[in-house]
Amino acid sequence: MALQLYNTMSSRVEEFHPLNDSEVRMYACGPTVYDYGHIGNFRTFIAVDLLRRFLRQSGYQVRHVMNITDVDDKIIRNAARDGVSVQQYTAKYEKAFLEDAAMIGIEQPTLVRATEHIPEMAEFVTKLVERDLAYRTEDGSYYFCIAKFPRYGKLSKKDFSGMVDGARVDVDEYEKDSARDFALWKAPKPGEASWDSSIGPGRPGWHLECSVMSMGELGDSFDLHAGGEDLIFPHHENEIAQSESLTGKPFAHFWFHARFLLVEGEKMSKSLGNFFTLRDLVLKGHKPSSIRYLLTSVPYRNQLNFTLDGLKQAAVSVERLRNFRLRLTSGNFPAGSSDEMQSLARETVDRMRAALEDDLNTAQAQAAIFEMVRRANAAFDSGTVKKDDVAPLLAALGKFDEIFAVLNDDDIPKMKQVVDWAKTEDRDRDITNELREAVQSGQLSDADIEKKIAEMEGARRSRNFNVSDALRAELTTAGIVIENTKDGVRWRRK
RNA sequence: GGCGCGGUACCCAAGUGGUAAGGGAGAGGUCUGCAAAACCUUUAUGCGUCGGUUCGAUUCCGACCCGCGCCUCCA
(Lines give C-alpha, C1' and ligand atoms only; values in the text may rest on other atoms or scores of the structure.)
Protein backbone atom coordinates (compact mmCIF):
# COMPACT_ATOMS: atom_id res chain seq x y z
CA MET A 1 0.00 0.00 0.00
CA ALA A 2 1.25 3.44 -0.82
CA LEU A 3 0.45 6.76 0.71
CA GLN A 4 -3.04 7.97 -0.19
CA LEU A 5 -2.97 11.74 -0.20
CA TYR A 6 -5.53 14.39 -0.93
CA ASN A 7 -4.59 16.49 -3.94
CA THR A 8 -6.23 19.91 -4.08
CA MET A 9 -5.79 19.91 -7.84
CA SER A 10 -7.98 16.86 -8.40
CA SER A 11 -10.11 17.41 -5.30
CA ARG A 12 -9.67 13.80 -4.35
CA VAL A 13 -7.45 11.40 -2.52
CA GLU A 14 -4.86 9.91 -4.86
CA GLU A 15 -2.04 7.45 -4.49
CA PHE A 16 1.18 9.35 -4.08
CA HIS A 17 4.19 8.36 -6.15
CA PRO A 18 7.13 10.65 -6.73
CA LEU A 19 8.24 11.44 -10.28
CA ASN A 20 11.61 9.93 -9.49
CA ASP A 21 11.52 6.52 -7.92
CA SER A 22 13.14 7.10 -4.61
CA GLU A 23 13.26 10.84 -4.17
CA VAL A 24 10.45 13.21 -3.24
CA ARG A 25 10.88 16.85 -4.14
CA MET A 26 8.60 19.11 -2.20
CA TYR A 27 8.27 22.82 -1.76
CA ALA A 28 6.44 24.54 1.05
CA CYS A 29 5.45 28.16 1.22
CA GLY A 30 7.15 29.51 4.29
CA PRO A 31 6.62 32.52 6.47
CA THR A 32 6.72 36.18 5.67
CA VAL A 33 9.09 37.28 8.38
CA TYR A 34 7.47 40.46 9.63
CA ASP A 35 6.41 39.30 13.09
CA TYR A 36 6.54 36.33 15.45
CA GLY A 37 4.86 33.19 14.13
CA HIS A 38 1.44 32.38 15.51
CA ILE A 39 -0.10 29.06 16.29
CA GLY A 40 -1.98 28.95 13.01
CA ASN A 41 1.23 29.31 11.04
CA PHE A 42 2.70 26.43 12.93
CA ARG A 43 -0.22 24.15 12.32
CA THR A 44 0.58 24.32 8.64
CA PHE A 45 4.32 23.95 9.08
CA ILE A 46 3.85 21.01 11.41
CA ALA A 47 1.52 19.33 8.93
CA VAL A 48 4.20 19.63 6.27
CA ASP A 49 6.83 18.41 8.71
CA LEU A 50 4.70 15.39 9.49
CA LEU A 51 4.33 14.62 5.80
CA ARG A 52 8.06 14.94 5.31
CA ARG A 53 8.77 12.64 8.23
CA PHE A 54 6.29 10.06 7.05
CA LEU A 55 7.67 10.07 3.53
CA ARG A 56 11.11 9.46 4.94
CA GLN A 57 9.83 6.69 7.18
CA SER A 58 8.28 5.20 4.06
CA GLY A 59 11.72 4.91 2.52
CA TYR A 60 11.96 8.01 0.36
CA GLN A 61 14.72 10.52 0.21
CA VAL A 62 13.07 13.88 0.72
CA ARG A 63 14.22 17.17 -0.69
CA HIS A 64 12.19 19.73 1.18
CA VAL A 65 12.58 23.36 0.23
CA MET A 66 10.91 26.26 1.97
CA ASN A 67 11.02 29.92 1.18
CA ILE A 68 11.43 32.79 3.55
CA THR A 69 9.58 35.82 2.25
CA ASP A 70 11.86 38.58 3.38
CA VAL A 71 10.40 41.34 1.28
CA ASP A 72 6.83 42.51 0.97
CA ASP A 73 4.78 45.63 1.54
CA LYS A 74 4.32 45.05 5.23
CA ILE A 75 8.01 44.43 5.81
CA ILE A 76 8.99 47.56 3.93
CA ARG A 77 6.46 49.59 5.86
CA ASN A 78 7.42 48.21 9.28
CA ALA A 79 11.13 48.54 8.66
CA ALA A 80 10.63 52.16 7.67
CA ARG A 81 8.50 52.71 10.75
CA ASP A 82 11.22 51.28 13.00
CA GLY A 83 13.95 53.16 11.17
CA VAL A 84 15.92 50.03 10.29
CA SER A 85 16.88 48.42 7.02
CA VAL A 86 14.73 45.69 5.55
CA GLN A 87 17.56 43.23 6.18
CA GLN A 88 17.88 44.18 9.84
CA TYR A 89 14.14 43.98 10.28
CA THR A 90 13.68 40.57 8.70
CA ALA A 91 16.79 39.02 10.24
CA LYS A 92 15.24 39.29 13.68
CA TYR A 93 12.01 37.58 12.73
CA GLU A 94 13.63 34.97 10.57
CA LYS A 95 15.80 34.00 13.52
CA ALA A 96 12.76 33.91 15.79
CA PHE A 97 10.86 31.76 13.30
CA LEU A 98 13.66 29.24 13.02
CA GLU A 99 14.00 29.05 16.78
CA ASP A 100 10.27 28.53 17.14
CA ALA A 101 10.20 25.88 14.45
CA ALA A 102 13.02 24.00 16.14
CA MET A 103 11.26 24.37 19.47
CA ILE A 104 8.21 22.46 18.24
CA GLY A 105 10.21 19.80 16.50
CA ILE A 106 10.05 20.95 12.90
CA GLU A 107 13.00 19.62 10.94
CA GLN A 108 14.59 22.44 9.05
CA PRO A 109 14.06 22.35 5.28
CA THR A 110 16.46 23.85 2.78
CA LEU A 111 15.76 27.56 3.05
CA VAL A 112 15.59 30.00 0.17
CA ARG A 113 15.17 33.73 0.60
CA ALA A 114 13.41 36.01 -1.82
CA THR A 115 15.99 38.77 -1.64
CA GLU A 116 18.75 36.34 -2.56
CA HIS A 117 17.10 35.46 -5.88
CA ILE A 118 16.35 38.83 -7.41
CA PRO A 119 18.39 38.26 -10.61
CA GLU A 120 16.60 34.99 -11.39
CA MET A 121 13.26 36.63 -10.81
CA ALA A 122 14.08 39.48 -13.15
CA GLU A 123 15.16 36.96 -15.75
CA PHE A 124 11.92 35.07 -15.29
CA VAL A 125 9.93 38.24 -15.87
CA THR A 126 11.95 39.03 -18.95
CA LYS A 127 11.13 35.64 -20.41
CA LEU A 128 7.45 36.12 -19.69
CA VAL A 129 7.48 39.49 -21.41
CA GLU A 130 9.37 38.06 -24.40
CA ARG A 131 6.63 35.52 -24.85
CA ASP A 132 4.00 38.15 -24.45
CA LEU A 133 2.65 36.62 -21.24
CA ALA A 134 3.41 39.68 -19.16
CA TYR A 135 3.61 43.39 -19.70
CA ARG A 136 5.24 46.45 -18.25
CA THR A 137 3.21 49.40 -17.07
CA GLU A 138 4.26 53.04 -17.24
CA ASP A 139 5.55 53.19 -13.68
CA GLY A 140 7.92 50.29 -14.32
CA SER A 141 5.88 47.52 -12.72
CA TYR A 142 5.24 44.21 -14.44
CA TYR A 143 2.04 42.22 -14.50
CA PHE A 144 1.14 38.75 -15.60
CA CYS A 145 -1.64 38.62 -18.16
CA ILE A 146 -4.15 36.10 -16.96
CA ALA A 147 -5.96 36.00 -20.27
CA LYS A 148 -2.90 34.22 -21.69
CA PHE A 149 -3.35 31.25 -19.41
CA PRO A 150 -6.67 29.59 -20.30
CA ARG A 151 -6.57 27.11 -17.44
CA TYR A 152 -6.38 29.87 -14.87
CA GLY A 153 -8.53 28.83 -11.92
CA LYS A 154 -7.97 25.10 -12.23
CA LEU A 155 -6.60 24.72 -8.71
CA SER A 156 -9.14 26.86 -6.91
CA LYS A 157 -11.98 25.74 -9.21
CA LYS A 158 -12.83 29.26 -10.14
CA ASP A 159 -14.33 30.16 -13.44
CA PHE A 160 -12.96 33.31 -14.99
CA SER A 161 -14.36 32.72 -18.45
CA GLY A 162 -16.97 35.41 -17.96
CA MET A 163 -14.37 38.05 -17.28
CA VAL A 164 -14.43 41.06 -19.46
CA ASP A 165 -11.00 41.49 -20.89
CA GLY A 166 -9.30 44.72 -21.63
CA ALA A 167 -11.57 46.77 -19.43
CA ARG A 168 -9.23 48.87 -17.42
CA VAL A 169 -9.86 48.75 -13.73
CA ASP A 170 -8.26 50.89 -11.06
CA VAL A 171 -6.65 52.92 -13.76
CA ASP A 172 -5.26 55.55 -11.46
CA GLU A 173 -3.43 53.16 -9.27
CA TYR A 174 -2.33 50.16 -11.25
CA GLU A 175 -2.78 50.61 -14.95
CA LYS A 176 -3.47 46.92 -15.21
CA ASP A 177 -5.06 45.54 -18.35
CA SER A 178 -7.38 43.38 -16.31
CA ALA A 179 -8.36 43.56 -12.69
CA ARG A 180 -7.22 39.98 -12.17
CA ASP A 181 -3.76 40.44 -13.57
CA PHE A 182 -1.27 40.13 -10.77
CA ALA A 183 1.97 41.91 -10.07
CA LEU A 184 5.20 40.15 -10.92
CA TRP A 185 7.40 43.08 -10.08
CA LYS A 186 6.48 46.29 -8.32
CA ALA A 187 8.18 49.54 -9.13
CA PRO A 188 9.23 51.50 -6.04
CA LYS A 189 7.19 54.39 -4.82
CA PRO A 190 9.26 57.41 -3.78
CA GLY A 191 11.40 56.68 -0.75
CA GLU A 192 10.65 52.96 -0.69
CA ALA A 193 13.24 50.25 -0.34
CA SER A 194 13.95 48.66 -3.69
CA TRP A 195 16.33 46.33 -5.47
CA ASP A 196 18.15 46.98 -8.72
CA SER A 197 17.66 44.45 -11.44
CA SER A 198 17.85 43.90 -15.15
CA ILE A 199 14.20 44.94 -15.44
CA GLY A 200 14.67 48.08 -13.40
CA PRO A 201 14.40 48.97 -9.74
CA GLY A 202 11.66 47.54 -7.57
CA ARG A 203 10.70 44.52 -5.58
CA PRO A 204 9.35 41.12 -6.51
CA GLY A 205 5.70 40.28 -6.23
CA TRP A 206 4.95 37.55 -3.78
CA HIS A 207 3.98 34.85 -6.27
CA LEU A 208 7.06 35.26 -8.37
CA GLU A 209 9.51 34.22 -5.68
CA CYS A 210 7.87 30.87 -5.12
CA SER A 211 7.81 29.96 -8.80
CA VAL A 212 11.39 30.98 -9.36
CA MET A 213 12.83 29.44 -6.24
CA SER A 214 10.86 26.20 -6.31
CA MET A 215 11.77 25.50 -9.93
CA GLY A 216 15.30 26.69 -9.31
CA GLU A 217 15.77 24.19 -6.52
CA LEU A 218 13.60 21.32 -7.66
CA GLY A 219 13.20 21.60 -11.43
CA ASP A 220 10.33 22.70 -13.67
CA SER A 221 8.16 19.82 -12.47
CA PHE A 222 8.32 18.45 -8.98
CA ASP A 223 6.25 16.32 -6.67
CA LEU A 224 4.45 18.38 -4.14
CA HIS A 225 3.73 21.94 -3.23
CA ALA A 226 2.34 22.78 0.19
CA GLY A 227 0.87 25.63 2.17
CA GLY A 228 -2.07 26.83 4.18
CA GLU A 229 -5.51 26.60 2.62
CA ASP A 230 -5.63 30.36 2.12
CA LEU A 231 -2.84 30.09 -0.40
CA ILE A 232 -4.88 28.09 -2.88
CA PHE A 233 -6.15 31.34 -4.29
CA PRO A 234 -4.60 33.50 -5.44
CA HIS A 235 -1.05 32.55 -4.51
CA HIS A 236 -0.79 29.01 -5.79
CA GLU A 237 -3.09 29.67 -8.71
CA ASN A 238 -0.77 32.47 -9.78
CA GLU A 239 2.33 30.35 -9.34
CA ILE A 240 0.81 27.75 -11.62
CA ALA A 241 -0.14 30.34 -14.23
CA GLN A 242 3.27 31.95 -14.50
CA SER A 243 5.24 28.72 -14.19
CA GLU A 244 3.28 26.53 -16.55
CA SER A 245 2.75 29.17 -19.18
CA LEU A 246 6.48 29.69 -19.29
CA THR A 247 7.73 26.09 -19.18
CA GLY A 248 4.79 24.41 -20.86
CA LYS A 249 5.18 21.62 -18.31
CA PRO A 250 3.11 20.68 -15.30
CA PHE A 251 4.37 22.51 -12.25
CA ALA A 252 3.72 20.65 -8.98
CA HIS A 253 1.94 17.30 -9.22
CA PHE A 254 0.40 17.26 -5.76
CA TRP A 255 -1.03 20.23 -3.96
CA PHE A 256 -1.14 19.84 -0.23
CA HIS A 257 -3.07 22.33 1.88
CA ALA A 258 -3.55 22.41 5.61
CA ARG A 259 -6.83 23.66 6.98
CA PHE A 260 -7.01 26.72 9.20
CA LEU A 261 -7.49 26.18 12.87
CA LEU A 262 -9.95 27.72 15.28
CA VAL A 263 -8.89 29.02 18.66
CA GLU A 264 -11.37 28.52 21.48
CA GLY A 265 -13.98 27.78 18.86
CA GLU A 266 -13.54 30.97 16.92
CA LYS A 267 -11.40 32.28 14.16
CA MET A 268 -8.16 33.47 15.61
CA SER A 269 -7.95 37.23 15.65
CA LYS A 270 -6.30 39.89 17.69
CA SER A 271 -9.58 41.61 18.42
CA LEU A 272 -11.10 38.46 19.90
CA GLY A 273 -8.13 38.07 22.20
CA ASN A 274 -7.51 34.54 21.00
CA PHE A 275 -4.45 35.30 18.94
CA PHE A 276 -1.44 33.36 20.17
CA THR A 277 2.11 33.27 19.02
CA LEU A 278 4.07 30.20 19.97
CA ARG A 279 5.98 32.27 22.48
CA ASP A 280 2.79 33.55 24.09
CA LEU A 281 1.82 29.97 24.85
CA VAL A 282 5.18 29.04 26.29
CA LEU A 283 5.07 32.15 28.44
CA LYS A 284 1.81 30.83 29.82
CA GLY A 285 3.69 27.73 30.90
CA HIS A 286 2.71 25.33 28.11
CA LYS A 287 5.34 22.90 26.95
CA PRO A 288 6.45 22.85 23.33
CA SER A 289 5.66 19.13 23.26
CA SER A 290 2.07 19.81 24.35
CA ILE A 291 1.68 22.32 21.56
CA ARG A 292 3.10 19.99 18.95
CA TYR A 293 0.98 17.13 20.18
CA LEU A 294 -2.22 19.14 20.06
CA LEU A 295 -1.40 20.46 16.60
CA THR A 296 -0.79 16.95 15.27
CA SER A 297 -3.75 15.30 16.96
CA VAL A 298 -6.30 16.37 14.37
CA PRO A 299 -5.71 15.36 10.74
CA TYR A 300 -4.44 18.28 8.69
CA ARG A 301 -7.53 18.62 6.52
CA ASN A 302 -9.93 18.91 9.43
CA GLN A 303 -10.62 22.03 11.33
CA LEU A 304 -8.77 21.87 14.63
CA ASN A 305 -10.15 23.67 17.62
CA PHE A 306 -7.09 24.83 19.51
CA THR A 307 -7.87 25.54 23.14
CA LEU A 308 -5.85 26.15 26.27
CA ASP A 309 -7.74 23.33 27.91
CA GLY A 310 -6.80 21.10 24.99
CA LEU A 311 -3.19 22.01 25.62
CA LYS A 312 -3.46 20.75 29.17
CA GLN A 313 -5.05 17.55 27.95
CA ALA A 314 -2.28 17.15 25.40
CA ALA A 315 0.33 17.54 28.14
CA VAL A 316 -1.20 14.67 30.07
CA SER A 317 -1.32 12.50 26.97
CA VAL A 318 2.35 13.10 26.23
CA GLU A 319 3.22 12.38 29.83
CA ARG A 320 1.40 9.08 29.62
CA LEU A 321 3.54 8.08 26.64
CA ARG A 322 6.73 9.18 28.33
CA ASN A 323 5.82 7.30 31.49
CA PHE A 324 5.24 4.21 29.43
CA ARG A 325 8.65 4.50 27.86
CA LEU A 326 10.23 5.03 31.26
CA ARG A 327 8.54 1.90 32.47
CA LEU A 328 10.00 -0.03 29.55
CA THR A 329 13.51 1.29 29.99
CA SER A 330 13.69 1.11 33.78
CA GLY A 331 11.91 -2.12 34.62
CA ASN A 332 13.30 -5.58 35.30
CA PHE A 333 11.80 -8.29 33.20
CA PRO A 334 12.11 -12.07 33.25
CA ALA A 335 13.99 -13.69 30.37
CA GLY A 336 12.15 -14.81 27.27
CA SER A 337 9.41 -13.27 25.17
CA SER A 338 5.65 -13.36 25.01
CA ASP A 339 3.74 -13.93 21.82
CA GLU A 340 1.12 -11.47 22.91
CA MET A 341 3.55 -8.57 23.32
CA GLN A 342 5.44 -9.48 20.16
CA SER A 343 2.29 -9.40 18.07
CA LEU A 344 1.01 -6.32 19.86
CA ALA A 345 4.12 -4.40 18.84
CA ARG A 346 3.84 -5.69 15.28
CA GLU A 347 0.16 -4.85 14.98
CA THR A 348 0.71 -1.39 16.37
CA VAL A 349 3.38 -0.60 13.80
CA ASP A 350 1.07 -1.84 11.06
CA ARG A 351 -1.88 0.13 12.35
CA MET A 352 0.13 3.33 12.57
CA ARG A 353 1.41 2.90 9.06
CA ALA A 354 -2.05 2.18 7.70
CA ALA A 355 -3.45 5.22 9.49
CA LEU A 356 -0.80 7.56 8.15
CA GLU A 357 -1.05 6.12 4.67
CA ASP A 358 -4.69 7.07 4.80
CA ASP A 359 -4.12 10.75 4.06
CA LEU A 360 -2.09 11.19 7.24
CA ASN A 361 -4.76 10.20 9.70
CA THR A 362 -2.83 11.20 12.78
CA ALA A 363 -5.77 10.67 15.12
CA GLN A 364 -5.90 7.00 14.18
CA ALA A 365 -2.17 6.62 14.52
CA GLN A 366 -2.37 8.04 18.02
CA ALA A 367 -5.25 5.72 18.85
CA ALA A 368 -3.05 2.79 17.81
CA ILE A 369 -0.17 3.78 20.05
CA PHE A 370 -2.44 4.36 23.04
CA GLU A 371 -4.05 1.00 22.51
CA MET A 372 -0.58 -0.52 22.70
CA VAL A 373 0.29 1.46 25.79
CA ARG A 374 -2.83 0.37 27.60
CA ARG A 375 -2.44 -3.29 26.74
CA ALA A 376 1.26 -3.36 27.49
CA ASN A 377 0.73 -1.58 30.81
CA ALA A 378 -1.85 -4.19 31.73
CA ALA A 379 0.68 -6.87 30.83
CA PHE A 380 3.28 -5.15 33.00
CA ASP A 381 0.90 -5.25 35.92
CA SER A 382 0.21 -8.91 35.44
CA GLY A 383 3.90 -9.66 34.96
CA THR A 384 3.63 -11.11 31.48
CA VAL A 385 6.08 -8.78 29.74
CA LYS A 386 9.39 -10.52 29.11
CA LYS A 387 12.87 -9.18 28.52
CA ASP A 388 12.77 -9.73 24.76
CA ASP A 389 9.47 -7.87 24.46
CA VAL A 390 11.05 -4.61 25.48
CA ALA A 391 12.88 -3.95 22.22
CA PRO A 392 9.90 -4.37 19.88
CA LEU A 393 7.65 -2.29 22.11
CA LEU A 394 10.27 0.43 22.27
CA ALA A 395 10.71 0.19 18.52
CA ALA A 396 6.99 0.73 17.96
CA LEU A 397 7.13 3.74 20.23
CA GLY A 398 10.15 4.91 18.26
CA LYS A 399 8.26 4.63 14.97
CA PHE A 400 5.52 6.74 16.46
CA ASP A 401 7.97 9.35 17.61
CA GLU A 402 9.79 9.52 14.28
CA ILE A 403 6.57 11.15 13.11
CA PHE A 404 5.10 12.88 16.12
CA ALA A 405 8.34 13.87 17.87
CA VAL A 406 6.98 14.54 21.32
CA LEU A 407 8.77 12.00 23.49
CA ASN A 408 12.15 13.65 23.69
CA ASP A 409 12.03 15.35 27.05
CA ASP A 410 13.77 18.62 26.31
CA ASP A 411 10.87 20.90 27.10
CA ILE A 412 12.52 22.52 30.06
CA PRO A 413 15.65 23.85 28.33
CA LYS A 414 13.44 25.09 25.49
CA MET A 415 11.18 26.89 27.90
CA LYS A 416 14.20 28.34 29.59
CA GLN A 417 15.19 29.88 26.26
CA VAL A 418 11.83 31.61 26.06
CA VAL A 419 12.32 32.97 29.56
CA ASP A 420 15.68 34.36 28.52
CA TRP A 421 14.19 35.85 25.38
CA ALA A 422 11.38 37.50 27.32
CA LYS A 423 13.93 39.21 29.51
CA THR A 424 15.82 40.63 26.56
CA GLU A 425 12.57 41.85 25.01
CA ASP A 426 11.36 43.53 28.18
CA ARG A 427 8.58 41.06 28.54
CA ASP A 428 9.48 39.90 32.05
CA ARG A 429 5.96 40.73 33.14
CA ASP A 430 4.58 38.18 30.72
CA ILE A 431 6.46 35.30 32.32
CA THR A 432 3.76 33.50 34.25
CA ASN A 433 4.22 31.59 37.46
CA GLU A 434 3.33 28.47 35.53
CA LEU A 435 6.34 28.98 33.33
CA ARG A 436 8.61 29.77 36.26
CA GLU A 437 7.50 26.61 38.00
CA ALA A 438 7.92 24.53 34.89
CA VAL A 439 11.45 25.77 34.41
CA GLN A 440 12.29 25.20 38.03
CA SER A 441 12.98 21.51 37.74
CA GLY A 442 15.83 22.42 35.45
CA GLN A 443 17.64 24.08 38.34
CA LEU A 444 18.66 20.83 40.00
CA SER A 445 21.25 18.63 38.35
CA ASP A 446 20.69 14.92 37.94
CA ALA A 447 23.37 14.29 40.53
CA ASP A 448 21.67 16.59 43.04
CA ILE A 449 18.40 14.84 42.50
CA GLU A 450 19.87 11.37 42.83
CA LYS A 451 21.62 12.37 46.01
CA LYS A 452 18.34 13.56 47.53
CA ILE A 453 16.62 10.41 46.41
CA ALA A 454 19.29 8.27 48.02
CA GLU A 455 18.71 10.15 51.27
CA MET A 456 15.02 9.69 50.93
CA GLU A 457 15.35 5.98 50.28
CA GLY A 458 17.60 5.60 53.31
CA ALA A 459 14.96 7.26 55.45
CA ARG A 460 12.26 5.08 53.99
CA ARG A 461 14.21 1.91 54.64
CA SER A 462 14.59 2.84 58.28
CA ARG A 463 10.88 3.69 58.24
CA ASN A 464 11.67 7.25 59.10
CA PHE A 465 8.70 8.48 57.10
CA ASN A 466 8.66 12.03 58.39
CA VAL A 467 12.09 12.59 56.91
CA SER A 468 11.35 10.81 53.64
CA ASP A 469 8.07 12.68 53.18
CA ALA A 470 9.81 15.99 53.73
CA LEU A 471 12.39 15.11 51.10
CA ARG A 472 9.71 14.00 48.69
CA ALA A 473 7.81 17.24 49.22
CA GLU A 474 10.97 19.23 48.62
CA LEU A 475 11.62 17.48 45.33
CA THR A 476 7.99 17.77 44.29
CA THR A 477 8.16 21.51 44.83
CA ALA A 478 11.25 21.58 42.66
CA GLY A 479 9.30 19.88 39.88
CA ILE A 480 10.68 16.38 40.37
CA VAL A 481 8.32 13.42 40.49
CA ILE A 482 9.52 10.35 42.35
CA GLU A 483 7.94 7.00 41.81
CA ASN A 484 8.57 4.01 44.03
CA THR A 485 8.07 0.87 42.03
CA LYS A 486 8.72 -2.74 42.78
CA ASP A 487 11.79 -2.45 40.56
CA GLY A 488 13.15 0.45 42.56
CA VAL A 489 12.95 4.23 42.49
CA ARG A 490 12.29 6.09 39.31
CA TRP A 491 12.22 9.82 38.88
CA ARG A 492 11.43 12.38 36.22
CA ARG A 493 11.06 16.08 35.79
CA LYS A 494 7.46 17.20 35.71
C1' G B 1 -24.10 35.71 -4.42
C1' G B 2 -20.20 31.70 -6.30
C1' C B 3 -17.16 27.50 -4.66
C1' G B 4 -15.85 24.30 -0.51
C1' C B 5 -15.69 22.06 4.60
C1' G B 6 -17.93 20.68 9.12
C1' G B 7 -21.85 19.86 13.21
C1' U B 8 -20.39 12.70 17.10
C1' A B 9 -20.62 11.97 25.00
C1' C B 10 -18.65 17.03 30.18
C1' C B 11 -14.12 18.63 26.75
C1' C B 12 -10.89 17.35 22.33
C1' A B 13 -11.80 13.97 18.50
C1' A B 14 -11.64 9.27 14.72
C1' G B 15 -14.85 6.48 11.95
C1' U B 16 -18.29 3.02 9.18
C1' G B 17 -24.56 0.94 4.93
C1' G B 18 -25.13 -3.62 9.86
C1' U B 19 -25.34 -1.41 14.90
C1' A B 20 -20.20 4.15 17.94
C1' A B 21 -11.73 4.44 17.91
C1' G B 22 -8.51 7.08 21.03
C1' G B 23 -7.13 10.96 24.59
C1' G B 24 -8.63 14.20 28.62
C1' A B 25 -12.07 14.99 32.68
C1' G B 26 -15.61 12.86 36.41
C1' A B 27 -17.27 8.57 39.57
C1' G B 28 -16.20 3.79 41.86
C1' G B 29 -12.46 0.02 42.70
C1' U B 30 -7.32 -2.61 42.82
C1' C B 31 -2.22 -1.67 44.18
C1' U B 32 0.50 1.52 47.73
C1' G B 33 3.43 3.49 54.82
C1' C B 34 2.36 8.21 51.97
C1' A B 35 2.72 9.83 47.04
C1' A B 36 3.21 8.84 41.96
C1' A B 37 2.49 5.62 38.04
C1' A B 38 -0.54 1.80 36.29
C1' C B 39 -4.74 -1.36 35.73
C1' C B 40 -10.16 -2.54 36.03
C1' U B 41 -15.32 -0.79 35.90
C1' U B 42 -18.33 3.26 34.58
C1' U B 43 -20.07 8.01 31.50
C1' A B 44 -23.73 8.70 23.53
C1' U B 45 -29.96 2.86 22.19
C1' G B 46 -26.90 7.92 20.49
C1' C B 47 -23.75 10.68 16.00
C1' G B 48 -27.39 19.26 14.32
C1' U B 49 -33.08 19.10 12.85
C1' C B 50 -36.86 17.07 9.71
C1' G B 51 -38.03 13.99 5.75
C1' G B 52 -36.60 10.11 1.93
C1' U B 53 -33.97 5.53 -0.10
C1' U B 54 -32.95 0.65 2.31
C1' C B 55 -34.21 -5.49 5.51
C1' G B 56 -31.18 -1.94 8.12
C1' A B 57 -28.38 4.99 8.15
C1' U B 58 -24.67 8.29 12.41
C1' U B 59 -22.76 6.66 7.57
C1' C B 60 -26.40 7.57 1.00
C1' C B 61 -30.12 11.51 -0.96
C1' G B 62 -33.06 16.15 -0.12
C1' A B 63 -34.54 20.35 2.71
C1' C B 64 -33.64 23.34 6.81
C1' C B 65 -30.77 25.35 11.13
C1' C B 66 -25.87 26.48 13.02
C1' G B 67 -20.41 27.07 12.61
C1' C B 68 -16.08 27.76 9.44
C1' G B 69 -12.97 28.80 4.97
C1' C B 70 -11.69 31.00 0.02
C1' C B 71 -13.55 34.71 -3.69
C1' U B 72 -6.35 39.96 -4.90
C1' C B 73 -0.98 39.07 -1.18
C1' C B 74 -3.92 36.15 6.39
C1' A B 75 -0.70 29.49 7.37
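Descriptive notes on the structure:
- Residues in the stretch A:286-314 that are near RNA strand B (Cβ under 10 Å from one of its atoms), surrounded by 22 or more Cβ atoms within 10 Å (Cβ to Cβ) and in a helix (DSSP H, G or I): A:Tyr293, A:Leu294, A:Leu295, A:Ala314.
- Filter pass, A:Ala379 being in contact (Cβ under 8 Å) with a residue 40 or more places away in the chain, surrounded by fewer than 21 Cβ atoms within 10 Å (Cβ to Cβ), assigned to a helix (DSSP H, G or I) and more than 21 Å from the chain's Cα centre (by Cα): yes
- Of all residues in the stretch A:439-461, those that are polar (S, T, N, Q) have Cβ atoms under 9 Å from Cβ atoms of residues that are more than 16 Å from RNA strand B (Cβ to nearest atom) and at pLDDT 90 or above, 6 or more apart or on another chain, in A:Gln440/A:Ile412; A:Ser441/A:Ile412.
- Any chance A:Asn274 is within 16 Å of RNA strand B (Cβ to nearest atom) and free of Cβ contacts under 8 Å to residues at least 40 places away in the same chain: yes
- Annotation note: of A:Ile431, A:Ile412, the sole residue that is over 24 Å from the mean Cα position of the chain (by Cα), surrounded by 15 or more Cβ atoms within 10 Å (Cβ to Cβ), in contact (Cβ under 8 Å) with a residue 60 or more places away in the chain and away from RNA strand B (no atom under 16 Å from the Cβ) is A:Ile431.
- Candidate set from the stretch A:470-488 (those that are within 11 Å of RNA strand B (Cβ to nearest atom) and farther than 26 Å from A:Leu328 by Cβ); member that is surrounded by the fewest Cβ atoms within 10 Å (Cβ to Cβ): A:Ala473
- Filter result for A:Ser156 (of a type in the set (S, T, N, Q), touching a residue at least 12 places away in the same chain (Cβ under 8 Å) and closer than 22 Å to A:Gln242 by Cβ): yes
- For A:Ser211, the test of being touching an Asp or Glu at 6+ places or on another chain (Cβ under 7 Å) and modelled with pLDDT of 95 or more is passed.
- Residue in the stretch A:130-140 that is surrounded by fewer than 15 Cβ atoms within 10 Å (Cβ to Cβ), at pLDDT 90 or above and not in a loop (DSSP other than H, G, I, E, B) present: yes
- Checked across the stretch A:229-241, the condition of being in a loop (DSSP other than H, G, I, E, B) and at pLDDT 95 or above holds for no residue.
- Residue within the stretch A:352-364 that is near RNA strand B (Cβ under 8 Å from one of its atoms), buried (at least 18 other Cβ atoms within 10 Å of the Cβ) and under 26 Å from A:Arg493 (Cα atoms) present: no
- Contacts under 7 angstrom Cβ, first residue in the stretch A:302-327 being touching a residue at least 40 places away in the same chain (Cβ under 8 Å) and in the same structural domain as A:Ile39 (by TED's automatic domain parsing), partner part of a strand (DSSP E or B) and surrounded by fewer than 20 Cβ atoms within 10 Å (Cβ to Cβ), 6 or more apart: none
- Subset of the stretch A:17-46 that is part of a loop (DSSP other than H, G, I, E, B), in contact with a helix residue (DSSP H, G or I) (Cβ under 9 Å, 6 or more places away or on another chain) and of a type in the set (Ser, Thr, Tyr) - its residue that is nearest to A:Asn67 (Cα to Cα): A:Tyr34
- Only a single item in (1) surrounded by fewer than 24 Cβ atoms within 10 Å (Cβ to Cβ); (2) closer than 19 Å to A:His253 by Cβ; (3) charged (D, E, K, R) is not met by A:Lys189, and it is number (2).
- Tally, over the stretch A:327-363, of residues that are in a helix (DSSP H, G or I) and in contact with a strand residue (DSSP E or B) (Cβ under 7 Å, 6 or more places away or on another chain): 2
The values are calculated or read from the model by the stated rules, or taken from the named source; none is laboratory data. Please read all numbers here as calculations on a predicted model, not as lab measurements. As a convention, Cβ positions derive from the backbone with ideal geometry for all residues, glycine included, and neighbour counts pool all protein chains shown.
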